[in-house]
Structure formats: C-alpha cells, structure tokens
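S.K.: I am attaching a structure below and will ask some questions about it afterwards.
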Amino acid sequence: MSDDKMPSHHGPKTQIDGEYPNETMKLLIERGSCRNFIDREIPNDMMELLFEAGTHAATGGNLQPYSIIKITDKTAKKKLAEMCEQAFIGTVPMDLLFCIDWYRLRRWAELQDAPFSATSSFRHFWISFQDTIIAAQNICTAADALGLGSVYIGTVMEFFRELRSMFDLPDGVFPVVLLCLGYPKEKPSVRRKLSIDMIIHDEKYKKMPDDEILAGFEGKYPGAKIQITPERLETISEVCRIVHGDDFAERCLARIKDQGYINMAQRYFGLHYIASMMPISNEDYLKVFEEFGFGWFKRWLPADRGTSA
Ligand SMILES: Cc1cc2nc3c(=O)[nH]c(=O)nc-3n(C[C@H](O)[C@H](O)[C@H](O)COP(=O)(O)O)c2cc1C
C-alpha cells in the first residue's frame, strides 16, 4: 500500500478461498465487519432470535451480569453518530449498547436479603466484562447467520458519562461497546489476519525470534508503506519524544527517512492509537468507574470496619 491518503486502520483486504466442513465454519472464517447498510428494518422476530442467541452465551456462574440497550430512536442514533464521528451509526436500523450490569443483581440480592459486594470486586468486574463481550459476540455471529451485518463501535468509551445520562443507566451499569446492526449493502470483505502459528502456542508460550515477528506482521500488512508527510513526521517525532525521549525520537525519524516511508507499527502507535495520548485519561476512567458505582480499584472496607460496599 502506498497512497497519499491516511489509510483506515482496518487493514488490507483478503479473500480466503477455503473449503469448509459446514456453513458455520464458513461463516466464522469469512466474517467481516460491515459499515455499509441498506435502508431496511430488522423484523422483531429476528431481533428476538438474536437476543436469545446472545443471552444463551456462556457466562460466569450463569449470572448474566449484562444488559443490552436497544436503540432505534432516530435522534439517539444521530447523537451517537455525531459523538463517535461515524455516520453509519445514525442510519443503521438498530444500535445495541452492551453494558455490564450489576444493578439488576444487586436489586435481586437486596430483595432476597443476600450479601452483595460485586461492584467492589475486581474478580466480579473482570468476569462481567467478559460475559458482556461474549454475549455481544454471540449476537454478532447470529446476525451473520441470519444475513445481517454488524460492526462494533469502541469509540463510545470516550463518552461514558454522556451514555449514562442518554440511556438512564443506574449505578452498577457500565457501557462496554456499541454494536451497529443492519442488512449489509454488500458482503463485507474478509480482512487479513495474523497466521494462526503466530497466535497459537504449543503447551507453553513461545517467544518468537525478531525475524519471525517481522515476517508475521509483513504477512498481515504486505508491502504496507505509509507516505511521509511533514505533519506525520512531526506527530511521530513528538510522540516518540514524549514516550521514550529525544534519542528514540531521532532513531525513529532516521529509520523513517532511511526506509522512505512510515511503517505500519509506526503508523499504529505513532499516528493512530497515539502512544503519548492513550494512557493519559487513565485516572479519569477510574473516576468514571466511581461515578458509575464501581469501586473495585480501591481497598474494600466491609461494613463491620466502617464503610460498606
Ligand atoms: C472492541 C472493538 C471496537 C471497535 N471499534 C470500532 C469503531 O469504533 N469503528 C469501526 O468502524 N470499527 C470498529 N471496530 C471494528 C474493527 O475495526 C474490525 O473488527 C477490525 O478492523 C478487523 O476487521 P474485521 O472485523 O472485518 O475482521 C471495533 C472492533 C472491536 C472488536
């Protein structure tokens, strides 16, 4: 890839030409995120099937600590699209907001006179995050199986507080990810992935030699060369300086000049997921968790020692 435009982070396309033992395997391997939809409503009975598929997913202790907000209201969809700067969010028939939900379980515990400290527990948080995503992925796969298309929108994490007020989320309910659902305009392309031998380790983790790591990523982004522009150079240089200091910034710029392009790793962490920016809001995210009724990152003091969960 050599272009004068900033490519999207969605990578080059590839079409896998495989033979599959059944349709499910084909569906899983030939899936792709869909961002182009036709103007057609999803029938209610189809949505019910999707929700049955989602809520039958594996979940720690079978607790199901998640909720899904169905968003079909045009104004709400438009607002989400503007917030996330991704227009299709506003035009799809349905957006689903997947949330961790300990509110419902807390209510149940209260009504049953059961002790409850889940929102103060990292263990519970960790599992409920997984539960939420696993339910979401079941819905994605079910949507594919029914001829729908979908794409996750992670950008909602920039707007947790706004989502809380938009959707009346009570304490203990935390938004995780948005999913756009609709009928695809065309079959989404299958994106190139790392080969499975880079990801699968026999019995124990095997650290790969440098040349294999480079070759593996080259296989995923073959020939990818991002054009040098003064703005990109300035951004990368500044990011490198902030994260690793002046010497590293010089080394990175020298390499870019020497190779004649910006490579994909430099692009990902220097221009797209900007390394000097990504960790900046950590503390604010902890504040957000607290505002949403979570305290798993703090020392827990049980009621008999002063503060209750
Ligand atoms: C957690 C998560 C967040 C994502 N956020 C966005 C997003 O905000 N916008 C978008 O267009 N795609 C988003 N995606 C889709 C990815 O870009 C996509 O999965 C990736 O490029 C690989 O392409 P594929 O799904 O077609 O294989 C997200 C995917 C995941 C799993």
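The values are calculated or read from the model by the stated rules, or taken from the named source; none is laboratory data. Quick caveat, the model's predicted, so the values are computed rather than measured. All Cβ positions, glycine included, derive from the backbone under ideal geometry; neighbour counts span all protein chains shown. The accessibility values were calculated without ligands, DNA or RNA, using every heavy atom of the protein model including side chains. Shrake-Rupley method; radii C 1.70, N 1.55, O 1.52, S 1.80 Å.
S.K.: Would you say Ile100 is within 29 Å of Glu48 (Cβ to Cβ) and assigned to a helix (DSSP H, G or I)?
M.R.: Judged against the criteria, Ile100 is not a match.
S.K.: Identify the single condition in (1) more than 22 Å from the chain's Cα centre (by Cα); (2) within 30 Å of Leu49 (Cβ to Cβ) that His201 does not satisfy, given that it satisfies every other one.
M.R.: (2)
S.K.: Take the residues in the range 236-289 that are surrounded by fewer than 13 Cβ atoms within 10 Å (Cβ to Cβ) and acidic (Asp, Glu); name whichever of them is farthest from Phe160 (Cα to Cα).
M.R.: Checking each candidate, the answer is Asp258.
S.K.: Among the candidates Cys34, Cys84, which residue alone is under 30 Å from Gly219 (Cβ atoms), within 16 Å of the ligand (Cβ to nearest atom) and at pLDDT 95 or above?
M.R.: Cys34
S.K.: Consider Ala109 against the criteria (1) more than 23 Å from Leu163 (Cβ to Cβ); (2) within 16 Å of the ligand (Cβ to nearest atom); (3) free of Cβ contacts under 8 Å to residues at least 24 places away in the same chain: it satisfies all of them except one. Which criterion is unmet?
M.R.: Unmet for Ala109, out of (1) more than 23 Å from Leu163 (Cβ to Cβ); (2) within 16 Å of the ligand (Cβ to nearest atom); (3) free of Cβ contacts under 8 Å to residues at least 24 places away in the same chain: (2).
S.K.: OK, next. Given Glu158, Glu162, which one is within 16 Å of the ligand (Cβ to nearest atom), exposed (fewer than 15 other Cβ atoms within 10 Å of the Cβ) and over 19 Å from Asp73 (Cα atoms)?
M.R.: None of the other options fit; the residue is Glu158.
S.K.: It is to be established whether one or more residues within the range 218-227 are basic (Lys, Arg) and either without any contact (Cβ under 8 Å) to a residue 12 or more places away in the chain or surrounded by fewer than 16 Cβ atoms within 10 Å (Cβ to Cβ) (or both).
M.R.: no
S.K.: Quick one: is Leu301 open to solvent by less than 80 Å² (accessible area, probe 1.4 Å), among the hydrophobic types (A, V, I, L, M, F, W, C) and at pLDDT below 95?
M.R.: Yes.
S.K.: Between a residue in the range 186-197 that is within 12 Å of Ser33 (Cβ to Cβ) and open to solvent by 60 Å² or more (accessible area, probe 1.4 Å) and any residue that is more than 7 Å from the ligand (Cβ to nearest atom) and in a helix (DSSP H, G or I), which pairs come within a Cβ distance under 8 Å, given they are 6 or more apart or on different chains?
M.R.: none
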